[in-house]
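Q: There's a structure below that I have some questions on.
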Amino acid sequence: AQSVSQHNHHVILSEAASLELGCNYSYGGTVNLFWYVQYPGQHLQLLLKYFSGDPLVKGIKGFEAEFIKSKFSFNLRKPSVQWSDTAEYFCAVRGGTYKYIFGTGTRLKVLA
Amino acid sequence: GAGVSQSPSNKVTEKGKDVELRCDPISGHTALYWYRQSLGQGLEFLIYFQGNSAPDKSGLPSDRFSAERTGGSVSTLTIQRTQQEDSAVYLCASSPGVYDQPQHFGDGTRLSIL
């Protein structure tokens, strides 16, 4: 069965620090990969997605993610976080079907 | 409207009552999803609609849960004889149904069972 693991449940960083959130999935076939963000009091929004092509994907607000097929990973990165990046981040996988499998989320708090 | 609309935004009810949650997807979106988000948990898939049909109901936790979609648009999720463990945020998402298009989420309905 497909599954998604987000190893960091809570992350606290100071502004300007670099961010990397881990995401690993289990599925042997072709996958589509997503990162969603949920800012406080707002709905889930798409941050970036990977379908095919360049494994380094750039999203909104300076975020990027790298798909490493051999490691079944799709880690999210940002070189320098801002206070406004405080949110909950969800990794999701869709493998071969319409069905999305979400990770349990990572709560990021950025200290001003 | 421009986005996915869910109502009510909050619902408090007594254990044993039935509740109905509504989702209005983005116009023209043929695919519709329901998820449940419990405290400290990720998004738990409940059901998927393509048009008015639900090819996958495997995520519905029990037979107290049901969902329907009419006219290829509005969907309702019904929970009968609610239990305290049903307390969660219920999220709806829609997509154009084309494989390479992602989902758009509503704000959710926060359900609290007393």
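The values are calculated or read from the model by the stated rules, or taken from the named source; none is laboratory data. A quick note: this is a predicted structure, and the numbers were derived from the prediction, not measured. Don't worry about glycine lacking a Cβ; one is built from the backbone with ideal geometry, like all the others, and counts go over all protein chains shown.
Q: Kindly provide the set of residues from the range A:75-87 that are buried (at least 17 other Cβ atoms within 10 Å of the Cβ) and farther than 16 Å from A:TYR36 by Cβ, ordered by number.
A: Keep residues of the range A:75-87 that are buried (at least 17 other Cβ atoms within 10 Å of the Cβ), which gives A:75-76, A:78, A:81, A:85-87.
Hit for the range A:75-87 is A:VAL81, nothing else.
Q: Right, something else. Looking at (1) surrounded by 12 or more Cβ atoms within 10 Å (Cβ to Cβ); (2) within 14 Å of chain B (Cβ to nearest Cβ); (3) more than 10 Å from the chain's Cα centre (by Cα), which one does A:PHE90 not meet, given that it meets all the others?
A: (3)
Q: On the basis of being in a loop (DSSP other than H, G, I, E, B) and within 14 Å of another protein chain (Cβ to nearest Cβ), does B:ASP107 make the cut? Even if it seems obvious, please write down each step before you answer.
A: Working: in a loop (DSSP other than H, G, I, E, B): yes; within 14 Å of another protein chain (Cβ to nearest Cβ): yes.
Yes.
Q: In the range B:53-80, what count of residues is obtained for those that are part of a loop (DSSP other than H, G, I, E, B) and either more than 18 Å from B:PRO96 (Cβ to Cβ) or modelled with pLDDT of 90 or more (or both)?
A: Filtering the range B:53-80 for residues part of a loop (DSSP other than H, G, I, E, B) gives B:57-64, B:70-74, B:80.
Checking which are either more than 18 Å from B:PRO96 (Cβ to Cβ) or modelled with pLDDT of 90 or more (or both) leaves us with B:57-64, B:70, B:73-74, B:80.
Going through the range B:53-80 one residue at a time, the tally reaches 12.
Q: Look through the range A:27-40, keep the residues that are among the polar types (S, T, N, Q) and surrounded by 14 or more Cβ atoms within 10 Å (Cβ to Cβ), and return whichever of them is farthest from B:ASP107 (Cα to Cα). So that I can check it myself, show each step before the final result.
A: Here is the first cut: in the range A:27-40, the ones among the polar types (S, T, N, Q) are A:30, A:32, A:38.
Now restrict to residues that are surrounded by 14 or more Cβ atoms within 10 Å (Cβ to Cβ): A:32, A:38.
On the way: A:ASN32: 24, A:GLN38: 10 Å.
Here the answer is A:ASN32.
Q: Could you figure out which of (1) surrounded by 13 or more Cβ atoms within 10 Å (Cβ to Cβ); (2) under 23 Å from A:GLY41 (Cβ atoms) isn't true of B:SER73?
A: Condition not satisfied by B:SER73: (2).
Q: Which strands (runs of 3 or more DSSP E) sit wholly inside the range A:5-85 and have at least 2 residues that are within 14 Å of chain B (Cβ to nearest Cβ), touching a Leu at 6+ places or on another chain (Cβ under 9 Å) and not hydroxyl-bearing (Ser, Thr, Tyr)?
A: Working: elements: A:10-14, A:19-21, A:24-26, A:32-38, A:45-50, A:56-58, A:64-68, A:73-78.
Per the criteria, A:32-38, A:45-50.
Q: While we're on this one: Is at least one residue of the range B:76-96 farther than 20 Å from A:GLN38 by Cβ, touching a Phe, Trp or Tyr at 6+ places or on another chain (Cβ under 8 Å) and within 12 Å of chain A (Cβ to nearest Cβ)?
A: Scanning the range B:76-96, I find no residue that is farther than 20 Å from A:GLN38 by Cβ, touching a Phe, Trp or Tyr at 6+ places or on another chain (Cβ under 8 Å) and within 12 Å of chain A (Cβ to nearest Cβ), so the answer is no.
Q: May I ask you to verify whether B:SER9 is within 14 Å of chain A (Cβ to nearest Cβ), touching a strand residue (DSSP E or B) at 6+ places or on another chain (Cβ under 7 Å) and under 30 Å from A:HIS10 (Cβ atoms)? Full working, then the answer.
A: Numbers: within 14 Å of chain A (Cβ to nearest Cβ): yes; touching a strand residue (DSSP E or B) at 6+ places or on another chain (Cβ under 7 Å): yes; under 30 Å from A:HIS10 (Cβ atoms): yes.
Yes: the conditions hold for B:SER9.
Q: A:HIS43 passes all but one of (1) modelled with pLDDT of 95 or more; (2) surrounded by 14 or more Cβ atoms within 10 Å (Cβ to Cβ); which number fails?
A: (1)
Q: State all residues of the range A:51-74 that are hydroxyl-bearing (Ser, Thr, Tyr) and surrounded by fewer than 17 Cβ atoms within 10 Å (Cβ to Cβ); if no residue qualifies, say none. Write out each step before concluding.
A: Filtering the range A:51-74 for residues hydroxyl-bearing (Ser, Thr, Tyr) gives A:52, A:70, A:73.
A:SER52, A:SER70 - these are the residues of the range A:51-74 that are hydroxyl-bearing (Ser, Thr, Tyr) and surrounded by fewer than 17 Cβ atoms within 10 Å (Cβ to Cβ).
Q: Against the condition surrounded by 14 or more Cβ atoms within 10 Å (Cβ to Cβ) and either at pLDDT 95 or above or more than 14 Å from the chain's Cα centre (by Cα) (or both), how does B:GLN37 come out, does it pass?
A: On the way: surrounded by 14 or more Cβ atoms within 10 Å (Cβ to Cβ): yes; either at pLDDT 95 or above or more than 14 Å from the chain's Cα centre (by Cα) (or both): no.
So B:GLN37 does not fit the description; no.
Q: Given the criterion within 8 Å of chain A (Cβ to nearest Cβ) and farther than 20 Å from A:LEU33 by Cα, identify the matching residue among B:GLY51, B:GLY59, B:GLY40, B:GLY72. Walk me through it before giving the result.
A: Values: B:GLY51 fails: within 8 Å of chain A (Cβ to nearest Cβ); B:GLY59 fails: within 8 Å of chain A (Cβ to nearest Cβ); B:GLY72 fails: within 8 Å of chain A (Cβ to nearest Cβ).
Step by step, each of B:GLY51, B:GLY59, B:GLY40, B:GLY72 is checked, and only B:GLY40 is within 8 Å of chain A (Cβ to nearest Cβ) and farther than 20 Å from A:LEU33 by Cα.
Q: Say we look at the range B:12-34 and pick out the residues that are within 11 Å of chain A (Cβ to nearest Cβ) and in a strand (DSSP E or B); which of these is surrounded by the fewest Cβ atoms within 10 Å (Cβ to Cβ)?
A: Across the range B:12-34, the extreme among qualifying residues is B:ALA31.
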